[in-house]
Amino acid sequence: MIGANLLDFIGLALGFLLTILVFSYLLGDNPFFRLAVHIFIGVSAAYVALVTINNVLIPRLIVPLINGSRGETLLSILLFIPSLFLFFKVTPLRKLGNWSVAILVGIGAAAAIGGAITGTLFPQILGSINSVDPSTYTVSGNKWFQTINGIIVVVGTLTTLIYFHFGTQDVPGRTDKRLPIIENISQIGKVFLSITFGALYAGVFLTALAALVERLSFLWEFFNKIGFELFSSL
């Protein structure tokens, strides 16, 4: 029991110390804040490395090489070869690892594009269509309110897309400018973008404020626990 209480106290003390080190940034950039940042980055990197080793390398590479079937062993070897060439990127023979990096970049780009299309573009298109489709309106809701809301969604989507349209007419003797109608519509899109960025900033601010309240609550509980232990010992 004493050991458990001691471990709890050590954990609280480390949390308190790191919290104070982070709060020291209020006085400006200093070595204590940088020490806390380095500790957090080091712990995060070590955690990611352990997760990668335990959940990826060992079960998907090492175990199939040792105890896997013939097909699993061949597949593990094929995956191990480009992984091995990646280590050349930190040696003078770094050019040998370019093809492995190219494969990673290509797969990453394909995954990002596919995710953007299936996770953002198509749902946004379907959401815009459904927002002005009366058959999708809820029975209990106000029809006029839902219609107006759908129109706002469509207008916001179209004007925002037009805002990012930078095509111009190539007319000799004139500067490249967007058509006046495009420029005017893009101003409406700018309003929707401003509202969106404002909402995102408010969300980030509220998240940071919640983290601050949690840390202040932790400090209060820490001092209460220390005071309780001192009075109990007396």
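The values are calculated or read from the model by the stated rules, or taken from the named source; none is laboratory data. All figures in this text were calculated on a predicted structure; none of them were measured in a lab. Neighbour counts run over all protein chains shown; Cβ positions are idealised from the backbone, glycine included.
Taken over the stretch 1-57, residues that are among the hydroxyl-bearing types (Ser, Thr, Tyr) and in contact with a Leu (Cβ under 8 Å, 6 or more places away or on another chain) amount to 1. Across the stretch 154-196, what is the number of residues that are modelled with pLDDT of 80 or more and assigned to a helix (DSSP H, G or I)? Going through the stretch 154-196 one residue at a time, the tally reaches 26.
Residues in the stretch 9-28 that are farther than 18 Å from residue 215 by Cβ and surrounded by 10 or more Cβ atoms within 10 Å (Cβ to Cβ) were compared, and the one that is modelled with the highest pLDDT is 10. For the stretch 85-138, the set of residues classified as of a type in the set (S, T, N, Q) and in a helix (DSSP H, G or I) consists of 98, 100, 118, 120, 124, 128, 130, 131, 135, 136, listed by residue number. Do we find a residue being surrounded by 10 or more Cβ atoms within 10 Å (Cβ to Cβ) and under 28 Å from the mean Cα position of the chain (by Cα) anywhere in the stretch 62-73? The answer is no, given that none of the residues of the stretch 62-73 is surrounded by 10 or more Cβ atoms within 10 Å (Cβ to Cβ) and under 28 Å from the mean Cα position of the chain (by Cα). Residue 55 satisfies every condition listed in (1) at pLDDT 90 or above; (2) not in a helix (DSSP H, G or I) except (2). For residue 199, the conditions (1) at pLDDT 80 or above; (2) over 18 Å from residue 153 (Cβ atoms) all hold with the exception of (2).
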